[in-house]
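Below is one structure; the comments refer to it alone.
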Amino acid sequence: MLGIVAVLLSVTIVFGFILGALAIVFGGIAISRARTSRGGSTGMGVAGLVLGIVGVGFSVLMIVFLVSLGGLVNDSSTNVRYCIDHPHAPSCRDPFLPESALNRP
């Protein structure tokens with residue numbers, strides 16, 4: 001159950017990572033207990049372990065995505081600042097704006 005919640009909340013990064021790590025730990029404990037004298041099936045332990053790994057993996061992917069998105073936002077804001085300072089620069093012109101609109105005083 002914890003692994004399922006970890007996968008669902010992996011977009012929140014913190015909850016996905018924490019719950020995923022807990023699912024990995026508890027999945028490992030469940031597998032080890034199922035192999036001891038108590039017997040039982042290891043299916044739920046394996047499911048928790050796998051879903052915990054998936055939850056942590058998705059959280060790591062979200063971190064990588066947000067870090068790369070932050071770099072893109074920073075680059076575009078630099079370009080916006082340049083265009084504010086130099087409005088007539090060729091790289092700052094709107095490609096869909098007709099030439100007649102550019103020559104207005």
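No value in this document is a laboratory result; all are computed from the given coordinates. Quick caveat: nothing in here was measured; it's all calculated off a predicted structure. Glycine gets a Cβ as well: all are built from the backbone with ideal geometry, and neighbour counts include every protein chain shown.
Given the Cα-Cα distance of Ile13 and Met62 and 0.36 nm per residue of separation, how much length would full extension add, in nm?
Contour length minus Cα-Cα distance gives 17.0 nm.
Note the full-extension length gain between Val50 and Ala34 as 0.36 nm times their separation in residues minus their Cα-Cα distance, in nm to one decimal.
Gain on stretching Val50 to Ala34: 4.1 nm.
Using a 10 Å cut-off on Cβ atoms, rank the peptides 52-59, 10-17 from the highest mean neighbour count down.
52-59, 10-17
Which net charge results for the neighbourhood of Gly45, defined as the other residues with beta-carbon distances under 11 angstrom from its beta-carbon, given Lys and Arg at +1 and Asp and Glu at -1?
It works out to a net charge of +2.
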